[in-house]
Structure formats: C-alpha cells, structure tokens
Amino acid sequence: MLVFKFRQRLLQGVTALMLGLFITSSYSYFRYRFIANPIYLINSLPSSFFLEKALPVNSTVDSIDFSPDGQTITISSGKNIQLYNLKTGEEIDIISGNSWGVNSAVISPDGKILASGGSDDTIKLWDLRTRKEILTLKGHNLGINSVVFTPDSKKLISGGWDNTIKIWNVATGEKIHTVKEDELKITSIALSPDGKTIASPSWEIDKTIKLWDVETGTKVRTLTGHSSTLRAIAFSSDSKTLASAANDNTIKLWNLTTGQEIRTLQGLSANSLSFHPNGQILASATNTTQSISHGVGDNDIKLWNVTTGEEIRSLKGHIFGVFSLAFSPDGKTLVSSGGDETVKIWRVSP
C-alpha cells in the first residue's frame, strides 16, 4: 500500500511537471508566434543587443550609413569618407570628399554610387568600384546637411542650409525640382522607404514637420505638435510612421496616413533616430552637449517599443554624446557614432 501511494504521488508530480512545461512552452510559442520578427524583441530577449566592437576614427563623425548589402559602413568625418568592413572592422578605403567637410554620405540602393554633401555647397557623386568622382552637383547656396537616394537610385534628394530641398537626376546631374518656403529652415531631411515622401523638420521657426511629394515637389501635409526646435526625424520601414524628436524633450510618433500623432515619448531630447527594419523598435540617441542645455540627456542609446511607447533598454558605451545611428538592412546590427570619436557596432543576437 505504501509503495502504491508513493507511485501515485510520483505519477502526480511528473504529470504536474509535464503540464507546467507544456503551459510554459505553449505561452512562449504563442507569444513569439504572433509577433513579427520576434528575434529582435529586446523585452523578450534581454541579451539580444551587445557591443561587438568599437572603431576608433579619431575624429567626430557627422554621419554613418550602410551599404545595401549591409557589409560596408560609410563614415563621414571631416573632409573624408571612410569605408569599413562591418564583419572585420577593417578600414577598406578613404575617399577625400568635399573640400570644406562632408556632412552626409550615402550609398545608392543599387550599390554603385556614393553621394556626399558638404559644407562647400556641393554634392559629389563617386563610382564605388573605382572610387573616382563622377559628377559634382551645384545649386545650393550654402552647405548641404543631408543627401538621400530614391529606392531606384535614379534620383538624389538634398537638403541645404540655404533652406531648400533639391531633387536631382543622378545620371545627368540636372535639377528636377527645388522646394523652398519662407518659413522653412532645413537642418535635415528624410525620405520614406517607398520613395514617395520627403520629410523636413523646421528649425526654430514654426516647429512643424513638412511632408513633400517627390514626383511633384509640392507640399502634401504639415505635422504640428512640437513646442520647440526639431532635431531629428526617421521613417519606419513600411513608410506609414514618422518619428520626430525636438528640444521640448519629446519624441513623437505620427500616423502618415492621417497626419495624426500616435503617441509621445516623454523625458528626453534626442538628436538622432533610427527605426529597426521590423518597425517595432525605435532607437534614439542624445548629443550630451546639446541636451544638457535643455535639462535632459546622457550618453546612452535608448531603445523603444513602438507599439507601447515603453523604453526597452538603454545601451551604454559612448562617453561623450551620440551623434548618429543606423540599423543595418537586415536588422542584425546597430551602429552609432559619438563625440568620443568612435563608431560602435552593436550586434543583435538570435
């Protein structure tokens, strides 16, 4: 009888254990099954971001970007554009760019051309295979702060300190459109991934974000809600959401179909934003020098859940502000540049 009871208790214990494991695994399965690209959800995988390496560039980096295949990082620093192999961290080449400094450098989606916008009021197009200059685009009256290619690589869009946005034919170097408004003071531009919409934040003047049609160069919408100077903007990969950061210590998420604000992330002044390709994570970074004057800021990179607006994680590594951020096309890497004259590579692990 004693042996029977012992076996009965043992069987009950094993059954309970198996049931618990089934419930736990089922919960995990359903939690991951119904969330797109769960491998990148940092709140469900606490160790999914880690600092893999740091590249000492020995100068302040103005912009960073990935090649379309995600294997090369472009770094604009001073008058040079540095090309690095992402996997090895080795420098591939240095291109001597614009004479007064390079503010923005990007590779075309077809991987053939590198464009650089500089303080010398010009845009230079480079053959990536030969590293030779192809064209110099002239038309801005002051320095260029942003350049971006359309998805078909046939057009280039530039934003300048002369308060104009210009759309160029890459093959001929001719201007297609020039966008200018009296109240527009351009410090940066962003292009939606579908290539249809340009976003430009107004600097200090009216604290709005203007949306422009790429084909016609006409304004299609104005987003209003920030109460101070705008510092950064970024589109989600599906082109349906725009993130904006301002000196009012907020990041706002906008529905671009309706033009309505989705939510506000409070308590920080970010000067760089980047969406993860899955659209569920937003990375923000602060330039310490800029943020201290507004009472908020540190040297960390903040990761946000776009759906809930909650902070997922803070990445620590830079010691003097973060100037720019970029996710790789496959979403497995985040790169950041800082005032500590380093570019840090953060790996997203499965």
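The values are calculated or read from the model by the stated rules, or taken from the named source; none is laboratory data. Predicted model, so just to flag it, every value in this text is computed and none were measured. Cβ coordinates were reconstructed from backbone atoms using ideal geometry, including for glycine residues, and neighbour counts include every protein chain displayed. Surface accessibility is based on the protein's heavy atoms, side chains included, excluding ligands, DNA and RNA. Shrake-Rupley method; radii C 1.70, N 1.55, O 1.52, S 1.80 Å.
Label-to-label distance for LYS196 and ALA54 is 4.3 nm, based on points extended 7 Å past Cα in the beta-carbon direction.
In this simple spin-label approximation, ASP110 and ILE94 carry label points 7 Å from Cα along the Cα→Cβ vector, and these lie 3.1 nm apart. Per-residue SASA remark: SER227, around 80 Å² accessible (1.4 Å probe; ligands, DNA and RNA not included).
With a Förster radius of 25 Å, plug the Cβ-Cβ distance of THR172 and ARG131 into 1/(1 + (r/R0)^6) and report the FRET value to the nearest 0.05. With a Förster radius of 25 Å, E is 0.70. Roughly how many Å is it from the Cα centre of the stretch 126-152 to that of the stretch 319-338, as a whole number? Answer, in whole Å: 22. Accessible surface calculations at 1.4 Å, restricted to protein heavy atoms, place the stretch 153-267 at 40 Å² per residue. Using 0.36 nm per residue and subtracting the Cα-Cα separation, the extra length available between ILE262 and SER227 on full extension is 10.9 nm.
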